[in-house]
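Visitor: First the structure, then my questions, so here it is.
The values are calculated or read from the model by the stated rules, or taken from the named source; none is laboratory data. Everything numeric in this text was worked out from a predicted model, so none of it was measured. As a convention, Cβ positions derive from the backbone with ideal geometry for all residues, glycine included, and neighbour counts pool all protein chains shown. Heavy atoms of the whole protein, side chains included, go into the accessibility calculation; ligands, DNA and RNA do not. Shrake-Rupley method; radii C 1.70, N 1.55, O 1.52, S 1.80 Å.
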Amino acid sequence: MPEKKELLNTTSKTTKQDPSVKDCEAIYAGIGASRGICIGECYSFVREMCQHEIRELDDNNISEEIERFLSALQRSENELKKIEQVTIKKLGKGYSNLFEAQIMMLHDPVLIEAISGRIQSERKPAHLVIEEEFDHYLEKFINSDNQMFQERADDLHDIKNRIIRNLQIRKLHSWIPEGVIVASDNLSSADIILLSRSNVKGFITDSGGKTSHIALICRSLNIPIVVGLGNISQKVSTGMQMIIDGSTGTVITNPDEKTLASYLKKNEEAIKNEADSSLTAALPATTKCGIRITFYANIDFKEELQTLVATGAEGVGLFRSENLFTEGTKVPRESEQYAYYLEMAEAITPMPLDIRLFDIGGDKLIYSPVKEPNPNLGWRGIRILIDLPEILDAQLRAAIRANIHGNIDILIPMIISVDEIRLVRAIIDKHYEELAAEADSQLEKPGVGAMIEVPAAVELIDEITRCVDFISIGTNDLTQYTLAVDRNNVIVQDLFEKFHPAIIRQLHRVITSANKNRCKAMICGDMGSDPLALPFLLGCGLRKFSVVVSDIAKLKSLVSRYSIAETEVLAQKCITLGTSTEVKACLEAFQAAH
Ligand code: PEP
Ligand code: MG
């Protein structure tokens, strides 16, 4: 997180002391975007700058220059296809869409026409025209208020550099020493995939956010990454010793002996805990007093189902279906969705699959053609779906048609009123009746759940839990909206406190109400993955968690340390506390005693 006063005159995000003092330990705070600690040598990854001649073209070499541009496009496509193959091998098909989208861009007739036309009319060399054309879009992306556009700028940057490099038939530089920590100003998805072949221990970058593609890829590859570190790439150098902690977003350069020893110990404990917990992952989780706790997975792509059972997940508690939008804006057709949902439901039946309706808009996927002044408070989630019934109808129909095993439920995002729930329910009923009458095989009506992620939904929790089959608490947005702290804004990250008493009391209230009204309650926000929060949530009466798959084994093994009676006492105590510091201290003391 940047020192706020620094924002006024510098981009430096340094804390503790001036890291330019050679060999002194320095600590930097960024955004932890993929968990894990790593200790090792830094490798400063700097993209080679190609030297191109700047000259006006004459009549004889204009067509030669256009040919050179078209060949560069072809070579770039060949490279991307290879990267796509590596991605499929390492991560399955889900992420390879990223490169498909980049390849499609290389075929964009408007772009090709614009660049070729300008080479011809302005007699400028290809690299200059490519640079100018791409920079025009890049500027728009970078200056966009929308986080997703800002993050996708890295991909656009990557395509530009790739084409320019390929004008000179230069080979891609991607082999680096084995086992280093890579530092760079920015990295593209392709860089991460290619560099990871050299067993990179971790990555640090100046730019990027928690939801950027590079963050998601690192999480899937299980490689720690800290992003948003300001200008760290200018402060570190190859060979420098460093520690990175992808959970806290901390980077320490030239660690002194004491720091090194403490992180080595932390790392050892983490590895040991992981090994211990992977043994218990396959077993059902029960508390010390024998209460069964269920862990589901939060997933973004169907390919993640391949490892579902091995990680100990007992179903999918949150499928973020908005990931089916290609290039961020193209609505998937009903038939595509049907095939996708059916494949997922069949792969995990009889385990449940909770499909969250497209949570588009806000800072996630751009749908609105209008530039919203405050997108997180704007046209997002269920609001868009109600206004654009053709999208909602297609998604509901696809989910109902795919529910032949009866294991699909529908989760509605951004609920602020019971009217929204009633409306979606009525539409589901209408489609179900039609589809069930036409279907060859028996179709089950999906259960309906509401995301509790806006304070209004907490206020209405009694009414909401009486009109849904289940609720799922989205603490990421609930924290954002309750504390009025943008979840993606690094400037106010220190205020994004999940243990804020307001959040703690809301969670207690929501879970208590759901249990009273016999409505199933689940948590699917990041707080559900936090070991410190676990006993509190159990004490509130929560029995279902949906978390990132890599956290399931660890959480399952922790559950057996607690008995419900003692967690209930803890929860009662927590809701009386008035500050985050007190809540955290109380939870830490409880954790230490177990
Ligand atoms: C949340 O808001 O906590 C949540 C799980 O949904 P998302 O992170 O996709 O907004
Ligand atoms: Mg949310």
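Visitor: What do you reckon, is GLU444 more than 16 Å from ligand 2 (Cβ to nearest atom), without any contact (Cβ under 8 Å) to a residue 24 or more places away in the chain, open to solvent by 40 Å² or more (accessible area, probe 1.4 Å) and out of contact with any helix residue (DSSP H, G or I) (no Cβ under 6 Å at 6 or more places or on another chain)?
Guide: no
Visitor: For segment 526-564, what are the residues that are polar (S, T, N, Q) and closer than 22 Å to CYS586 by Cβ?
Guide: Within segment 526-564, SER529, SER560, SER563 meet the criteria.
Visitor: While we're here: Could you please let me know if LEU411 is away from ligand 2 (no atom under 16 Å from the Cβ) and within 25 Å of LEU478 (Cα to Cα)?
Guide: No; evaluated as a whole, the condition is false for this residue.
Visitor: Looking at LYS498, is it assigned by TED's automatic domain parsing to the domain that holds MET351, among the charged types (D, E, K, R) and within 15 Å of ligand 2 (Cβ to nearest atom)?
Guide: Details: assigned by TED's automatic domain parsing to the domain that holds MET351: yes; among the charged types (D, E, K, R): yes; within 15 Å of ligand 2 (Cβ to nearest atom): yes.
Criteria met by LYS498.
Visitor: Next up: Based on this model, can you work out whether ASP486 counts as within 16 Å of ligand 1 (Cβ to nearest atom) and outside any helix (DSSP H, G or I)? Write out each step before concluding.
Guide: Numbers: within 16 Å of ligand 1 (Cβ to nearest atom): yes; outside any helix (DSSP H, G or I): yes.
Taking the combined requirement at face value, the residue satisfies it.
Visitor: Any residue in segment 449-460 that's in the same structural domain as GLU420 (by TED's automatic domain parsing) and open to solvent by 10 Å² or more (accessible area, probe 1.4 Å): show its pairings with residues that are more than 11 Å from ligand 1 (Cβ to nearest atom) and not in a loop (DSSP other than H, G, I, E, B) at Cβ separation under 9 Å, as long as the two are six or more apart or on different chains.
Guide: Taking only residues 6 or more apart or on different chains, the pairs are VAL454/THR482; PRO455/THR482; PRO455/ALA502; PRO455/GLN506; LEU460/VAL418.
Visitor: Scanning segment 521-564 for residues that are part of a strand (DSSP E or B) and buried (at least 24 other Cβ atoms within 10 Å of the Cβ), which turns out farthest from ligand 1 (Cβ to nearest atom)?
Guide: Restricting to residues being part of a strand (DSSP E or B) and buried (at least 24 other Cβ atoms within 10 Å of the Cβ), the top hit is ALA521.
Visitor: Sticking with this structure for a sec: Output the residues belonging to segment 339-361 that are surrounded by fewer than 19 Cβ atoms within 10 Å (Cβ to Cβ), more than 17 Å from ASN298 (Cβ to Cβ) and touching a helix residue (DSSP H, G or I) at 6+ places or on another chain (Cβ under 9 Å).
Guide: Within segment 339-361, ALA339, LEU342, GLU343, GLU346 qualify.
Visitor: Tell me the residue from THR475, THR465, THR482 that is within 16 Å of ligand 2 (Cβ to nearest atom), touching a strand residue (DSSP E or B) at 6+ places or on another chain (Cβ under 7 Å) and either without any contact (Cβ under 8 Å) to a residue 60 or more places away in the chain or among the acidic types (Asp, Glu) (or both), please. Don't jump to the end; show me each part of the working.
Guide: On the way: THR465 fails: within 16 Å of ligand 2 (Cβ to nearest atom); THR482 fails: touching a strand residue (DSSP E or B) at 6+ places or on another chain (Cβ under 7 Å).
So the residue among THR475, THR465, THR482 that is within 16 Å of ligand 2 (Cβ to nearest atom), touching a strand residue (DSSP E or B) at 6+ places or on another chain (Cβ under 7 Å) and either without any contact (Cβ under 8 Å) to a residue 60 or more places away in the chain or among the acidic types (Asp, Glu) (or both) is THR475.
For (1) crowded, with 19+ Cβ neighbours inside 10 Å; (2) among the basic types (Lys, Arg), each residue gets a yes or a no:
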residue: GLY202; (1), (2): yes, no
residue: ASP206; (1), (2): yes, no
residue: CYS218; (1), (2): yes, no
residue: ILE225; (1), (2): yes, no
residue: GLY230; (1), (2): yes, no
residue: GLN234; (1), (2): no, no
residue: ASP245; (1), (2): yes, no
residue: ALA261; (1), (2): no, no
residue: LYS272; (1), (2): no, yes
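Visitor: Any residue at all in segment 283-303 that is within 25 Å of the chain's Cα centre (by Cα) and either open to solvent by 60 Å² or more (accessible area, probe 1.4 Å) or in the same structural domain as GLY40 (by TED's automatic domain parsing) (or both)?
Guide: No: segment 283-303 contains no residue that is within 25 Å of the chain's Cα centre (by Cα) and either open to solvent by 60 Å² or more (accessible area, probe 1.4 Å) or in the same structural domain as GLY40 (by TED's automatic domain parsing) (or both).
Visitor: If only one of ILE410, ILE386 is within 16 Å of ligand 1 (Cβ to nearest atom) and either within 23 Å of the chain's Cα centre (by Cα) or modelled with pLDDT of 95 or more (or both), which one is it? Can you show your working first?
Guide: Numbers: ILE386 fails: within 16 Å of ligand 1 (Cβ to nearest atom).
Answer to the check: ILE410.
Visitor: How about segment 406-426: which of its residues are open to solvent by 10 Å² or more (accessible area, probe 1.4 Å) and either in contact with an Asp or Glu (Cβ under 7 Å, 6 or more places away or on another chain) or not assigned by TED's automatic domain parsing to the domain that holds TYR481 (or both)?
Guide: Scanning segment 406-426 gives GLY406, ASP409, VAL418.
Visitor: Scan segment 387-422 for residues that are under 14 Å from GLU346 (Cα atoms) and of a type in the set (Val, Ile, Thr) and jot them down.
Guide: Matches in segment 387-422: ILE400, ILE404, ILE408.
Visitor: Could you list, in sequence order, all residues of segment 98-124 that are farther than 15 Å from LEU156 by Cα and within 28 Å of the chain's Cα centre (by Cα)?
Guide: The answer is none; no residue qualifies.
Visitor: Within segment 544-566, how many residues turn out to be closer than 26 Å to LEU483 by Cα and touching a Leu at 6+ places or on another chain (Cβ under 9 Å)?
Guide: Qualifying residue count for the region: 3.
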